[in-house]
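Read-outs: derived from the displayed coordinates by stated rules, not from any lab. Everything numeric here is computed off the predicted structure, so don't read it as measured data. For neighbour counting, all protein chains shown are included, and Cβ atoms are generated from backbone atoms with ideal geometry for every residue, glycine included.
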Amino acid sequence: MGCGLRGFKFLVQGLPEEDSRHGEGWRGKVTKQVDLGPLVFVQGQNKGRYPHCHSLYLQEAGVLIDPGSDRKTLKELREKGGVREIWLSHWHEDHILHLDLFEDLPIWISEQDAPPLGDLETFLDWYDMEEDSYRQYWRNILAAQFNLKPGKPAGFLRPGQKVQAGSVTVEVIHTPGHTPGHLAFRFVELGILFLGDYDLTSFGPWYGDRYSDIEETVASVNLLRGMDARVWITGHETGIFSEPPGALWEAYLEVIWKREEKLMEFLKEPRRMDEIVRAWIVYGRPREPEAFFAFGEKAIMGKHLRRLISKGLVFEEGGRFGLLC
C-alpha cells in the first residue's frame, strides 16, 4: 500500500498537547498542520473536537475534504487560490462548519447523504428532531455558528469509485452506520486511510440520526479495521495514527455494548423515555444545553431500544420500556 510516511517532509506549526486518552496514536504531540507529500492534514480547533473536525487537503488536485477545521487556515488556503472543489465525508454540521468560505466551489458527497444539504428543515428531520423547542434552538445555532446555507452538490462520490487526484489515487469507501452515506477515503499510493467520523475516541460511535444504524456502524468499523494501511487519520481528536490503532478498534466498538448493558440493567424496572434520558447513559452526567445533550441521549438510547425490541429482549407498553427476560 505505498510508502506511508516514509520520505515525507513534515511541516509543523503549533504543538498542542495530545489527548492522553489516545496515546497509541500520533506520538507525543498533535500538530497544527502536517504535510504528507501531496496530502495536508489540517488540525481542527480544540484538537478537532466538536464543533470542529480535522480537514484534509490534496494540494495537486485542489480537493479540500471536510472544511470544519480551522477558519484562519482554511481562509488562507482559499485566498491562495489552490482549492478547487470540496469533498464531504458526510452531512453533519461539524464537517461543514466553514463551508461558507467555499460556497461558490463544487461540492461532492455521497448521494445518500445529499438531501440534508439542500434544506434546513430536512437537515433537522434527518436528526429525527421532533421537539419544537429543540428545532428552534438548532435553527438559530446552525445559522449563527455554522453559517449553514442550503446548497446542491455538483455531483456524487460513488462507493468503490477511484478518483485520480493529481499523483494520488483516492478510493471511495462506503461506510454506513454513522450516516447512511458516510464515506471513508483511502489514499492508495500514500498508504493512508481516512476513517472520517469513525474516530476511535473514548466517547464511542454516534448512531443517533434517523437513518443511522448500530449494526451498520459495527460492520463499517470492522471493514475499516481490516483494511491495509500504513497511516490512519480520523476526523476528530488524535487525528493521525502513525502506528496501528490496535486495541482502540475494539474499545471503540465496546462502547456500544456497554451502553446497551447499562440500558438493560436500567430497564429491570419499566421506565419512561424521559427517565431513560435522565439516566445519562451516553454522556455520563447531566449536561447543558438540553437541546444538544438530552436530545443526544434520547437519540442513541432510542436506537438501542428499537434494537432490543426487535430481538425480543425489551417490551414497550403504555409508554414504558422494560426487560422481557
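The figures follow:
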read-out: Value at 222 nm in deg cm²/dmol, rounded to 500, when DSSP H runs of n ≥ 4 in the chain each add -39,500 (n - 2.57); value: -9000 deg cm²/dmol
read-out: Nonlocal amide H pairs with G177, under 5 Å, H built at 1.01 Å; value: H182, D213
read-out: Prolate/oblate/rounded call for the range 133-281, Cα gyration tensor, a/c under 1.5 rounded; value: oblate
read-out: Rel. contact order, % - alpha carbon contacts under 8 angstrom, at least six apart, the range 155-270; value: 22 percent
read-out: Mean-position separation - Cα centroids, the range 290-311 and the range 186-200, in angstrom; value: 29 Å
read-out: Fewest-first ranking of K152, K262, using other Cβ atoms within 10 Å as the exposure measure; value: K152, K262
read-out: Nearest-0.05 FRET efficiency for D119 and L324, computed from C-beta distance (R0 45 Å); value: 0.65
read-out: Pairwise label distance in nanometres, Q136 with F315, each label 7 Å out on the Cα-Cβ vector; value: 4.0 nm
read-out: The range 175-263: antiparallel DSSP beta bridges as a percent of all, rounded to 5; value: 60 percent
read-out: For the range 242-258, 3J(HN,Hα) per residue [Karplus equation, 6.51 cos²θ - 1.76 cosθ + 1.60, θ = phi - 60°, Hz, x = Gly/Pro]; value: 8, 10, x, x, x, 5, 5, 4, 5, 4, 5, 5, 4, 4, 4, 6, 5
read-out: Karplus (6.51, -1.76, 1.60) ³J(HN,Hα), θ = phi - 60°, over the range 133-143, in Hz, Gly and Pro reported as x; value: 5, 5, 4, 5, 4, 6, 4, 5, 5, 5, 6
read-out: Relative contact order %, the chain, counting alpha carbon pairs below 8 Å whose residues are six or more apart; value: 16 percent
read-out: DSSP bridge orientation in the chain - percent antiparallel, rounded to nearest 5; value: 75 percent
read-out: Cα gyration tensor category, rounded, prolate or oblate, for the range 230-292 with a/c compared to 1.5; value: oblate
read-out: Two-site label geometry, E103 and N222: point separation in nm, points 7 Å out along Cα→Cβ; value: 4.4 nm
read-out: Cut-off 13 Å between beta-carbons: net charge of the residues surrounding P106, Lys and Arg +1, Asp and Glu -1; value: -1
read-out: Karplus-derived HN-Hα couplings along the range 193-202 (A = 6.51, B = -1.76, C = 1.60, θ = phi - 60°), whole Hz, x at Gly and Pro; value: 10, 8, 8, x, 8, 7, 8, 6, 7, 5
read-out: Tensor-based shape of the range 75-212 (alpha-carbon gyration tensor, a/c under 1.5 rounded, otherwise prolate or oblate); value: oblate
read-out: Cα-projected label distance for K258 with E111, points at 7 Å along beta-carbon direction, nm; value: 4.0 nm
